[in-house]
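Comments concern the structure below.
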There are 4 protein chains.
Amino acid sequence: MSKLYKGLREEAFEGNLGISKRGLAIYTWGNVSAYDSHKGIFAIKPSGVEYDKLKVEDMVIVDLEGKVVDGKLKPSSDTETHRVLYHEFVHGSFGGKVAMRSICHSHSPYAVAFSQARRTIPVYGTTHADHGAFEIPCTEIMDEEAAKGNYELETGKLIIKTFILRGLSLLQMPMVLVAGHGPFTWGENAANAVYHAAVLEEICKMAHLTLALDPQVEALPDYIIKKHWERKNGPNAYYGQQ
Amino acid sequence: MSKLYKGLREEAFEGNLGISKRGLAIYTWGNVSAYDSHKGIFAIKPSGVEYDKLKVEDMVIVDLEGKVVDGKLKPSSDTETHRVLYHEFVHGSFGGKVAMRSICHSHSPYAVAFSQARRTIPVYGTTHADHGAFEIPCTEIMDEEAAKGNYELETGKLIIKTFILRGLSLLQMPMVLVAGHGPFTWGENAANAVYHAAVLEEICKMAHLTLALDPQVEALPDYIIKKHWERKNGPNAYYGQQ
Amino acid sequence: MSKLYKGLREEAFEGNLGISKRGLAIYTWGNVSAYDSHKGIFAIKPSGVEYDKLKVEDMVIVDLEGKVVDGKLKPSSDTETHRVLYHEFVHGSFGGKVAMRSICHSHSPYAVAFSQARRTIPVYGTTHADHGAFEIPCTEIMDEEAAKGNYELETGKLIIKTFILRGLSLLQMPMVLVAGHGPFTWGENAANAVYHAAVLEEICKMAHLTLALDPQVEALPDYIIKKHWERKNGPNAYYGQQ
Amino acid sequence: MSKLYKGLREEAFEGNLGISKRGLAIYTWGNVSAYDSHKGIFAIKPSGVEYDKLKVEDMVIVDLEGKVVDGKLKPSSDTETHRVLYHEFVHGSFGGKVAMRSICHSHSPYAVAFSQARRTIPVYGTTHADHGAFEIPCTEIMDEEAAKGNYELETGKLIIKTFILRGLSLLQMPMVLVAGHGPFTWGENAANAVYHAAVLEEICKMAHLTLALDPQVEALPDYIIKKHWERKNGPNAYYGQQ
């Protein structure tokens, strides 16, 4: 096992533990990867290993062509989905600007409920607007041909297609629901990707509780969405210590 | 107390603690047993003892005729249900192939809710499909004659009848809801039977949250169910490290 | 402070901690008392003291006429409700047979929801039937005259009247919901009264989740209710180690 | 960093930790401030710092004109909302009587759900009546002009306007929901402001569960609301040890 990837393995490892610590999945139902843009490789959870048995050195190093570069275990069965998204981060519509370098997949129950109900989540409140000025997209159900092909790769392509159809870039909205499946989120690093997974679950829980009170509830007016988004994320953002 | 059954007692004991650790029942409301196919006996929780007072040596050893073979305490009041299921595992439609050797009964709240509402659970998402390619069956309400007879034995027979009517073997689906009562699950060992109980509760919670968003929600298309089931369980399964 | 009441104070103290440990109320919103039938007095939580600051010696000793016999603090504001129920246990329809000697009042959220919706809870499943063969009663809303009089005493009288109208004795059903308020439970000792409070909350949660799936869900048939009640509580009970 | 504000900083710090300890917000989504009426300044959480990294000395000291008086970090982005409310406590309708000297803002999920559904909370039960004899108000959605102006200051003004329109003083009801956003609560000190935030979340949870059982549920009769409010808060209050 090469020492070259120690830092990246540690980042991915801590991210995977974050899934368990934040209650975003039970047993092995989730995975986090972290990308190194200089080396063009990413570290990802091995397939089917429980969080409390996971070790740093178990993280598998995979390159952008999907080849295992280092590691003794098989990478996550969702590796192809991660790979397609990193490919898009690097070569896609961002023109090489790799602002996102970690991906998190979980099975948190409220996010799964919206995925299973195949519903996007309108911006019902400022908790959502603080983290994204748009609906959280939900993909279509994958068609039969794609599902029978390279299923995990097609999942990544379905996510990218969903963003293109909405005219959204993956930088504008770090969260998506895959219909009938569950959430994928991304971020600047593993901690941030897991943060977005926890935020998504909380937004979904709040939306679920809100819809129970009023199934026809209106979304926030655009001027409040804009205000909250910009105070945290715009050029004149004044939230936080930067 | 014979030392012959030490390993089996420990396995059943750890399984019973798992019910409490995973939050699948409060107080004494659940029980796990583990079967030894060579000796033809199983170890089961004693009746009415709380999880935090349970000791390894409290596990009661019972044979396939229902006779207590070893142990100072009375076995679980649900022992006859376990016994009938083991009988089916050994002598039933599997033709002697004992792939399942542990049973778990719990009162986890979402699974109980579907049992009380007497509803099977369609495959709404991949979390379910990863663990079974079929609806999770719910039995009929037991009829009066059976309930007034050997109630716990009849519960086991009701479960087996439910599978026969659906053309399902107990190996294809390790979970069932008993109408008006609650869940029974099984597995290759005690940890696996408890795993299935936790999985069932999570699937039920996700289904409950989904139905609240859309009471007419469609099940997953068959081709996605098949894909997820096979990537974890089919002859070409590629999930996990085996 | 007299040493005469040490054991009783300890029992009531442990019961009060049980409310917090079992998550049945936050802050000070609940109280447990324990009765000594020889001395004709009970120990009860002091008013407005948080569980994590409570000490054994804080328990207040009160007699059946409502006089504080020992203790430096004011007893719970609900003391009169407890007193009326003990009076009924001792002098009421049981003819002096004091089988119940502890009372627990909590504000657990699912039980409060049914209280606020002013609904009794039919026997939807065996979890309920294991603990009582009847609907869990909910009182009427207290009338204006009673509420303006000795409110807490009237709460106790309202509970007793609710049981009389249903032809139930307080021994047959150790739980009640006070409309617009919350649950009271009782038992053979403080641990048992708190056990019934935790059971009630779990039954209410299961009923709530069930009604969300089917608002018209049927209760269990009487023959299954009877079977489950009798296997735990009837003359031929076979549950537990006795 | 001046030692002048040590006590106030500690109070605000403990209050902010209370948000996390009581589960009222994840990550940084909440803030508590504490006011010193002699010095005319308040201590408030710094912007964007997570609870588990927060230190006492991080608390920022701000005066009633909004100027940072002491501290190395930027104050919470919600500082202007706190400032407007303190201004009202000091100079507003209370005529200088500063009974309230701490404010808590959280994003607890049930309170957010009612905020997002833009609903006031009627007094459905005694848990609510114990803490306030009135509906918990929900503001209108902020209009566009206000949202584009000094947004956080306008949030404070919207809260005050909501109370004026209802003929309520901020002393009579220590809780409010800001439509599309979430709850603000206040109290005699930081512990009490956080207490009110936890109480509000519990009342919202109970109301949510009640409305699921009966969307047309009636509020408590006025004579019971009055009774419960007065036994804890009226001139003849008899709850607690005072």
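From the list A:F42, A:F13, A:F89, which residue is away from every other protein chain (no Cβ under 14 Å), of a type in the set (F, W, Y) and closer than 25 Å to B:A237 by Cβ?
A:F42
Out of curiosity, is A:L24 open to solvent by 40 Å² or more (accessible area, probe 1.4 Å) and touching a residue at least 12 places away in the same chain (Cβ under 8 Å)? Before you say what the answer is, go through the steps one by one.
On the way: open to solvent by 40 Å² or more (accessible area, probe 1.4 Å): no; touching a residue at least 12 places away in the same chain (Cβ under 8 Å): yes.
For A:L24, the condition - open to solvent by 40 Å² or more (accessible area, probe 1.4 Å) and touching a residue at least 12 places away in the same chain (Cβ under 8 Å) - is not met.
Pairs meeting the criteria (first residue in region A:230-242 and within 12 Å of A:A129 (Cβ to Cβ), second residue open to solvent by 60 Å² or more (accessible area, probe 1.4 Å), beta carbons under 8 Å, at least 6 apart or on different chains) are A:E230/A:N236; A:R231/A:Y238. Per the conditions (1) at pLDDT 95 or above; (2) surrounded by fewer than 23 Cβ atoms within 10 Å (Cβ to Cβ); (3) within 18 Å of D:D130 (Cβ to Cβ), the sole criterion not satisfied by C:L17 is (3). Only one of the numbered conditions (1) within 20 Å of A:E188 (Cα to Cα); (2) at pLDDT 95 or above; (3) open to solvent by 30 Å² or more (accessible area, probe 1.4 Å); (4) of a type outside the set (A, V, I, L, M) is not met by A:R9, and that is (3). Residues of region B:55-64 that are in a loop (DSSP other than H, G, I, E, B) and surrounded by fewer than 20 Cβ atoms within 10 Å (Cβ to Cβ): B:K55, B:L64. Only residues that are free of Cβ contacts under 8 Å to residues at least 24 places away in the same chain and under 16 Å from C:A147 (Cβ atoms) were counted across region D:214-226, and they come to 4.
Here is a yes/no grid of residues against (1) touching a residue at least 60 places away in the same chain (Cβ under 8 Å); (2) open to solvent by 10 Å² or more (accessible area, probe 1.4 Å); (3) part of a helix (DSSP H, G or I):
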position	(1), (2), (3)
B:F114	yes, no, yes
B:R118	yes, yes, no
B:F134	no, yes, no
B:E140	no, yes, no
B:A146	no, yes, yes
B:L153	yes, yes, yes
B:L158	no, yes, yes
B:T162	no, yes, yes
B:G167	no, yes, no
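Would a scan of region D:154-175 turn up a residue that is within 14 Å of chain C (Cβ to nearest Cβ) and among the β-branched types (V, I, T)?
Going through region D:154-175, the residues within 14 Å of chain C (Cβ to nearest Cβ) turn out to be none.
No, region D:154-175 contains no residue that is within 14 Å of chain C (Cβ to nearest Cβ) and among the β-branched types (V, I, T).
Scanning region A:184-207 for residues that are more than 11 Å from the chain's Cα centre (by Cα), open to solvent by 20 Å² or more (accessible area, probe 1.4 Å) and at the interface with chain D (Cβ under 10 Å from one of its Cβ atoms) turns up A:E201, A:E202, A:K205. Among the residues making up region B:92-108, a single one is open to solvent by 10 Å² or more (accessible area, probe 1.4 Å) and either within 11 Å of chain C (Cβ to nearest Cβ) or modelled with pLDDT of 95 or more (or both): B:H107.
For C:E80, the conditions (1) modelled with pLDDT of 95 or more; (2) assigned to a loop (DSSP other than H, G, I, E, B); (3) within 14 Å of chain D (Cβ to nearest Cβ) are fulfilled apart from (2). Among residues of region A:1-54 being of a type in the set (V, I, T) and outside any strand (DSSP E or B), the one that is farthest from the chain's Cα centre (by Cα) is A:V49.
Which of the residues that make up region B:223-236 are part of a loop (DSSP other than H, G, I, E, B) and open to solvent by 40 Å² or more (accessible area, probe 1.4 Å)?
Of region B:223-236, the ones part of a loop (DSSP other than H, G, I, E, B) are B:234-236.
Of everything in region B:223-236, those that are part of a loop (DSSP other than H, G, I, E, B) and open to solvent by 40 Å² or more (accessible area, probe 1.4 Å) turn out to be B:P235, B:N236.
The single condition among (1) at pLDDT below 95; (2) away from every other protein chain (no Cβ under 11 Å); (3) under 28 Å from A:H208 (Cβ atoms) that B:H228 does not satisfy is (2). If we scan region C:172-190, do we find a residue that is under 20 Å from C:D130 (Cα atoms), assigned to a strand (DSSP E or B) and polar (S, T, N, Q)? Yes, region C:172-190 has at least one match.
Among the residues of region B:65-74, is there at least one that is surrounded by 20 or more Cβ atoms within 10 Å (Cβ to Cβ) and on the phi < 0 side of the Ramachandran plot? Looking through region B:65-74, none of the residues is surrounded by 20 or more Cβ atoms within 10 Å (Cβ to Cβ) and on the phi < 0 side of the Ramachandran plot.
If you check C:S77, C:S37 for being open to solvent by 20 Å² or more (accessible area, probe 1.4 Å) and among the polar types (S, T, N, Q), only one passes: C:S37.
The values are calculated or read from the model by the stated rules, or taken from the named source; none is laboratory data. Model, not experiment: these values are computed from the prediction. Glycine also receives a Cβ, built like all others from the backbone with ideal geometry; neighbour counts cover every protein chain displayed. Protein only, heavy atoms only, side chains kept; ligands, DNA and RNA dropped before computing areas. Shrake-Rupley method; radii C 1.70, N 1.55, O 1.52, S 1.80 Å.
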